[in-house]
Amino acid sequence: KPISRRMGSSSVDGENKDGQQQRGCALILGGGGTARAAAYAAAKLGLDRIYYNRTPSKAEELANTFGGDVASDLEDGLGSLLDEKNGEIKVVISTLPAAAEFELPAWMLDGSSSRSTKPIIFDVNYKPYNTKLLLQAEKAGCAVVRGSEMLWEQGVSQFELWTGRTAPYKVMK
């Protein structure tokens, strides 16, 4: 199933545990070119965008270009933004280098918070296959999407564009 369908706009909005309507949010980690692509995709899926980067000016640039908010940190700062918009993290898209060995705060993955009920974790890195973030997410029972899947989807699309034929999905995978 294509990545965009798994992140799907059909589940963008939902209800929290108190029955209140919540807005689906994408938390985008990083501030480079891949984060720009992630912001564009999240906007197309109808997700509110929240950016976090160690260099706040890069996160601000993304918010100014694609809309959304900047979290000053992933604890109180992110929590305040989610409270303001009555939002819930539906997907985390990490464009951080694997060498950053980044992990999310536990509250985002344990499913006990109305701000985040086991989001999909999408790490764009394809090497290594398992990043610290993906291992943390799998241990918490979150659905994960690896960068290798993104690479495969790109290859399928390129094949079809270049040849004008339907890609042989099973052979390519």
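The values are calculated or read from the model by the stated rules, or taken from the named source; none is laboratory data. The shown structure was predicted, so the numbers you read here are calculated from the model rather than taken from an experiment. We place every Cβ from the backbone using ideal geometry, glycine too, and count neighbours over all the protein chains shown. Side chains included, ligands, DNA and RNA excluded: accessible areas come from the protein's heavy atoms. Shrake-Rupley method; radii C 1.70, N 1.55, O 1.52, S 1.80 Å.
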For region 68-130, report the translational diffusion coefficient in µm²/s to the nearest whole number, using Stokes-Einstein at 20 °C, 1.002 mPa s, and a Kirkwood Rh over Cα pairs. 169 µm²/s
Using a Gaussian network model of the chain with C-alpha springs under 10 Å, which one of Ala106, Ala59, Ala26 is most mobile by mean-square fluctuation? Ala106
Residue-count net charge about Leu81 - beta-carbon cut-off 12 Å; Lys, Arg +1, Asp, Glu -1: -4
Calculated from backbone phi, Karplus (6.51, -1.76, 1.60) coupling profile of region 65-78 in Hz, x at Gly/Pro: 7, 10, x, x, 10, 10, 8, 6, 7, 9, 10, 5, x, 5
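Once the other residues with Cβ under 9 Å from the Cβ of Arg115 are scored (Lys, Arg +1; Asp, Glu -1), what is the net sum?
Details: positive: none; negative: Asp83, Glu88.
Cβ neighbours under 9 Å give a net charge of -2.
Can you list, largest first and rounded to whole Å, the semi-axes you get for the chain by taking the square root of 5 times each eigenvalue of its Cα gyration tensor?
Working: eigenvalues 142, 62, 57 Å².
Whole-Å semi-axes of the equivalent ellipsoid: 27, 18, 17.
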Compute the separation of the alpha-carbon centres of region 141-173 and region 25-94 and state it in Å as a whole number. 26 Å
Using a cut-off of 13 Å between beta-carbons, work out the net charge of the residues near Arg49 (Lys and Arg +1, Asp and Glu -1, Arg49 not included). +1
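Given the peptides 124-134, 76-86, 92-102, 158-168, arrange them by the average over their residues of other C-beta atoms within 10 Å, most packed first. Please list the in-between numbers first.
Details: 124-134: 17.5, 76-86: 15.7, 92-102: 19.0, 158-168: 10.5.
Ranked from most to least packed, the peptides come out as 92-102, 124-134, 76-86, 158-168.
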Amide H to amide H under 5 Å from Asp69: which residues, 5+ apart in sequence or cross-chain, H placed 1.01 Å off N in plane? Arg49, Ile50, Tyr51
Taking the Cα centre as origin and putting +1 on Lys and Arg beta-carbons and -1 on Asp and Glu beta-carbons, what dipole magnitude results for the chain, to the nearest 20 debye? 900 debye
Averaged per residue, what accessible surface does the chain expose to a 1.4 Å probe, in Å²? 54 Å²
Expressed as a whole percentage, what fraction of the accessible surface of region 37-117 belongs to carbon and sulfur atoms when a 1.4 Å probe is rolled over the protein heavy atoms? 46 percent
Antiparallel content of DSSP bridges confined to the chain, in %, to 5: 10 percent
Considering only DSSP beta bridges whose two residues both sit in region 80-173, what percent are antiparallel, to the nearest 5? 10 percent
Past 31 Å, Cα to Cα, is the threshold; run Lys44/Lys118; Lys90/Lys132; Lys85/Lys170; Lys58/Lys127 against it and keep the listed order. Lys85/Lys170
5 Å is the cut-off here: which amide hydrogens, built 1.01 Å from N in the peptide plane, fall below it relative to Val145, excluding neighbours closer than 5 in sequence? Ile121, Phe122, Asp123
